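Rule-based calculations on the coordinates, nothing more; no lab input. Since the structure is predicted, the reported quantities are computational estimates derived from the model, not experimental observations. Quick reminder, even Gly has a Cβ in these numbers, built from the backbone with ideal geometry, and neighbours come from all protein chains shown.
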């Protein structure tokens, strides 16, 4: 039992740390400042770098030295003022702008091979004729197979300038042959809404991964589609969403609030307050609304949850959010790198700051908060959530809400520890599912979604997995593992949306919402 608890804590901690890191890198307002006049302090730094470069006794990489100095300087400010190197900046911007230059594939590294998982619709690779299941062997003169490359190395070899050709060779198992393709790189769209669908005849679901430049357009399409299907209640899933552009978050909140309601306000060090208000353009201002949050929901996610909670517009379900109430601006440093500097704090409509405490002289304790939540039992027990009675606020309808460290949900749902498999399963299961589907790709590719969800033989797949890997003996663990196997199979065939439609069948937060709506505890309808 102690080993199981250790594994659970490990995987929760890893997930939290990844979400926190992504949130600290991505959440900001894009409003770069121009260069200020050179002053004595700048001259002092430049002179020191020159002395080190030309007069120091040993060779020194001054670029690396300067990067380290900038990082050290920012660490003494706050946890979310960050330096982004020239090598990383373009990838971060691509993610937040919703597109990149490339060939348009989702790939998976399995053993020593690069497997094409999905082709991005209308992307260059799809137009050239690549298929899901192809193994990438070479890209131009670079060998991809048998070298145990990491994902960043593969991306670097596949990306390039717009309209630039790349020659790739693939092994296609269905034909047992090696094929060559010439692919013209182009602009490839990235989605920030991996899934939306109707849970049942009345309840719709939209999951938002981040608030990118394209997210509002994606969200509006999803909302309109669900409304046409008869949606009366919406579940907005912001779990694991580390943030993004504040103006994007504001546009999404505007779809739910009537004209004139305050969404958020920011205050800088001079005391200047900037307010954001809803307009009269919202398309879902009266329907019932639930927002799902967890310990990785940060910044822009917390703006959305806080605005809807403070305006008595939505029921917030889940666990206390991360607690990031600082606003960053991106400022170019002139050499292709940039700094995202905290320039203001944001506040929810009632005046709450949800920024949790931090030490200006080190961020270790701040980021260890994720592990503290595990150790304190906060992820499992409602009474373990810290509440600061001195930061108590009241909504227009009289509901008490709290500031000082994240959004406290209206309805607490503990983390489902049964959903965490051992590291052994997590390591092996993706490769198994790829191989299983790949061996039957022609058969399964002919299935539409309705046929897949009803006819896919999960018992047969579990038996095949059991031949390669010992599986849990408990009935619940076996049921969860079967559902996870089917969800991964759905991802192979239908993309991320297929994964969530199956995986969410065992989602206790969604089950809680359905139960609240029905005043019973039914299972989510099969989709």
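A few points about this structure:
- Over the chain, all Cα pairs binned in 20 Å intervals from 0 give whole-percent P(r) values of 19, 52, 27, 2, listed from short to long.
- The fewest-to-most ranking of 44, 397, 324, 86 by surrounding Cβ atoms within 10 Å reads 397, 44, 86, 324.
- With each label modelled as a point 7 angstrom along the Cα→C-beta vector, the residue 51-residue 142 pair spans 4.1 nm.
- Counting all C-alpha pairs of the stretch 57-98, share separated by more than 17 Å (%): 48
- Look at 224, 237 and count the other Cβ atoms within 10 Å of each Cβ; fewest to most, that gives 224, 237.
- Here the chain carries DSSP beta bridges of which approximately 75% are antiparallel, counting only pairs with both residues inside.
- In this structure, residue 88 and residue 227 have a Cβ-Cβ separation that, at R0 = 41 Å, corresponds to a calculated FRET efficiency of about 0.55.
- Principal axis analysis of the Cα atoms in the stretch 41-136 yields extents of 57, 31, 23 Å, listed in decreasing size.
- For the stretch 318-390, convex hull of alpha carbons as volume per residue, Å³: 152
- P(r) for the stretch 418-518, from all Cα pairs and a bin width of 10 Å, is 14, 47, 31, 8, 0 %, short bins first.
- Beta bridges per DSSP with both ends in the stretch 294-418, % antiparallel, nearest 5: 85
- Placing a label point 7 Å from the Cα of residue 417 along the Cα-to-Cβ direction, the residues of the stretch 315-347 with a backbone N closer than 19 Å are 319-320.
- Alpha carbon convex hull of the stretch 290-359, volume per residue in cubic angstrom: 107
- Computed from label points 7 Å out along Cα-Cβ, the spacing between residue 70 and residue 464 is 4.9 nm.
- Cα principal axis extents for the stretch 100-189, largest first, Å: 29, 26, 21
- Residue 121-residue 58 FRET efficiency (beta carbon distance; Förster radius 60 Å; 0.05 resolution): 0.65
- With a Förster radius of 25 Å applied to the beta-carbon distance between residue 312 and residue 372, the computed FRET efficiency rounds to 0.20.
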